[in-house]
Each structure stands twice: as structure tokens, then as C-alpha cells.
Amino acid sequence: MTTSVSGPDLAAGPVLLALLPAVLAALISACITRLSMPLLQRYALARPNARSSHKIPTPQGAGIAVIAATLLVAGPWAAWASGAIPLPLIGSALVIALVGLVDDIRPLPVLVRLVLQAAAVAAVVFTAPEGARIVPALPLALERGLILLAGIWFVNLVNFMDGLDLMTVAEVVPVTAALGLLGWFGELSSSAGLLAAALCGAMLGFAPFNRPAAKVFLGDVGSLPIGLLLGWCLLELAWHGHPAAALLLPGYYLADSTITLFRRVIRREPFWAAHRTHFYQRATDHGFTVPRVIGEVFTLNLVLALLAFVTVRAGSTAITILSLLAGAIAVAFVLRRFSRAQAS
């Protein structure tokens, strides 16, 4: 007589693999954040400037907890269960976090920061397997060069967009949750899916300390390596044949930061200087409360994650085009709302 195995038992392994890393990372992140608060208050105080949304000096540097929790969970877990996370990625994340930490305490020259960031991204991009391609028709060197430029921009845009309480949480949590689920369904490398799940948990562990009014900020030590790790996960998704999903998931961040950059360049403004012209920042000047901005960004990211899932699971060119169009419309709708003053 054959003994049948119930559905929940069959699903228990994958569910545990998906959820447990996130839970562990959340606990570690919350504990480290809590314990490091007095030290950050003393040595890494962010004082309000032209870009700031906060009004009083607030400690920054809790990104140390987020990155530590992510790598402490994802690194050993991936090596044991699913295939190691590339060492160049781990090393580059640590290097770029160190650059951010120094910059949080004592600002570095723009050129020095950019060179070090470029070196970190290059170490990840140019050590990838030759078979990892997005557009095989392009020469490999050209494709990797374009990915390098995109990677440097993505690392910086995550930093640029980290200017409002819970903003990075509202972006990273939906995106990494979607990436973790895609890894669970086999649409993404298991190591990238696991890294995304751990990063999602680490951000959730940080979230209670960053809710308005924030007790602590990520700082460059967090936003820069988060951009690198998240960018690698999205790159892995594109390498697995899903470039449309890789564009949809960070669609809001890409649109807000890129449009803002081009506007500042066209106006001949010093685009590298601190400012408050991102759409989400202008929204708070136009009468949106911080919770409302965060809520709309989070909701938009859920919509984009759903569209990304549709493109991956449908496997249809027509559906992919329609999903990209729907995502562009949804992003444009939110950006337009943020750029208009609210009626009193």
C-alpha cells in the first residue's frame, strides 16, 4: 500500500526555505540596529541640509545592521543549501559599505566616491560567467560595459532616493519579496532568490526604527550596498531571460531618479549636489504627508511586482509589452500626482 504525502508537507520545505532566512535576517537586523543606536548617535549624526526631509539631527548608519544581517544569513545559507553567492559580490558589498560609512562620518570627494563605487561594481560585472547574457547579439565587452554604467547608476539612485522616512523600505521590501518568490518558483537563481529574501527580512527588521519620525537612518553605509545587492538580483533575473520583469520591479525608482537627473542636467544645475527636487520630495512640499507618499509608493511597487510576475509566468511577447505599458502608465500616474499641489 502506498502512503500519500499531503500538499502542505510537500510545500513545507520550499516555504521554510523562503521564509526562515527572512525571519532570521529581520531579527538580526533589529537587534543590531537597537544595540548600535547609542554609538550612531555619538559618531554618525545626520544634520539637516538642503536635501533633508528631517528637521532635527538624527543618527544614521543603521545600514550596517541591514547589510550585516543580509550577508550573515544569505552567505552561509546559500553555500549550504543552494550554491554560494559570488565572492566578488560579497567583497564588493563590504567595500562599498565601508566607503559609505566613511562618507557618513566624514564626507568624501565626489570623484573618490565614484571611482570606488565603479571599482566595486566592475568587480561584480566582469567576474560573471561569459554565458550570462541579456542581449547575445551585442559584443560581450560592450554589454558588460553598459551593465557597468547601469550598475553604477543603480547604486547611486538607491542612495539618492533614500531621502524620506521608510522610502527605501517601501521600495526594497516589495521588490525583494517578489524576487524571493521568483527564486522559489525557479525563475531566478536560488542564490539570488535567497539573497533577496534575506535583504527583505533585514529591511523589515530596520523598518520600526525608520518609521516617521525616524529614530535612525540607513546612511550611505546602507543605501549604497543595498543598491549593489538589489542590482545584482535584478541582473540575475535579466540573465535568466526576464529583462522586462527586471525593469518593472524597480520602475518607480528608475523613473523618479532618472527624470530628476535629466532635468537638473538640462537646467545646468550641479546634479551631484544635495537637493529636494525628486518627485517624492516635491510631493511633501505639495501637501502630501510622509505616510501618504510612502503608502502610494508601496502600493505602486506591489502593482509593478504583480506585472513583473505576469511577464515571467505568461511567457508571451504581447503580454510582456502590455505589462510594460501598464507599468509605465502606473508610474507616470504616481509621478504626476506627486508633482501637483494637493487641494486644501
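Couple of notes before you dig in:
- Rounded percent of accessible protein surface that carbon and sulfur make up, the chain, 1.4 Å probe: 71 percent
- Per residue accessible area in Å² of the chain, where ligands, DNA and RNA are left out and the probe is 1.4 Å: 47 Å²
- Here is the size of the stretch 214-344 from its Cα atoms: Rg then Dmax, 16.2, 48 Å.
- Solvent-free Debye scattering, log10 I(q)/I(0), computed from the Cα coordinates of the chain at q = 0.07, 0.11, 0.13, 0.15 Å⁻¹: -0.28, -0.71, -1.00, -1.36
- Scanning residues 5 or more positions from Ala46 or on other chains, those with amide H under 5 Å from its amide H are Thr58, Gln60, with H placed 1.01 Å from N in the peptide plane.
- Sequence-ordered 3J(HN,Hα) estimates for the stretch 95-103 from the Karplus curve with 6.51, -1.76 and 1.60 and θ = phi - 60° stand at 5, 5, 5, 5, 4, x, 5, 4, 5 Hz, glycine and proline given as x.
- HN-Hα J in Hz across the stretch 108-115 - Karplus 6.51, -1.76, 1.60, θ = phi - 60°, x for Gly and Pro: 8, x, 4, 5, 4, 4, 5, 5
- In percent, rounded to a whole number, the relative contact order of the chain is 23, using alpha-carbon pairs under 8 Å and six or more apart.
- Sorted largest first, the principal axis extents computed over the alpha-carbon atoms of the stretch 189-279 equal 44, 37, 19 Å.
- When restricted to Cα atoms, the stretch 94-154 yields an Rg and a Dmax of 13.9, 45 Å, respectively.
- For the stretch 133-177, Kirkwood radius (reciprocal of mean inverse C-alpha pair distance, Å): 12.4 Å
- Most to least packed among 310-318, 152-160 [average Cβ atoms within 10 Å]: 152-160, 310-318
- Amide hydrogen neighbours beyond the local backbone of His240, cut-off 5 Å, H modeled: none
- With respect to the chain, whose longest principal axis is taken over its alpha-carbon atoms, helix 251-266 is tilted by about 40°.
- Two-site FRET efficiency, Ser316 against Glu130, from Cβ-Cβ distance with R₀ of 30 Å, rounded to 0.05: 0.55
- Three-way shape call for the stretch 55-166 based on the alpha-carbon gyration tensor, with the a/c threshold at 1.5: oblate
The values are calculated or read from the model by the stated rules, or taken from the named source; none is laboratory data. Since the model is a prediction, treat every value here as computed from it, not as a measurement. Cβ atoms come from the backbone with ideal geometry, glycine included; neighbour counts cover every protein chain shown. Each accessible area value is taken on the protein alone, full model and side chains, heavy atoms only, with ligands, DNA and RNA left out. Shrake-Rupley method; radii C 1.70, N 1.55, O 1.52, S 1.80 Å.
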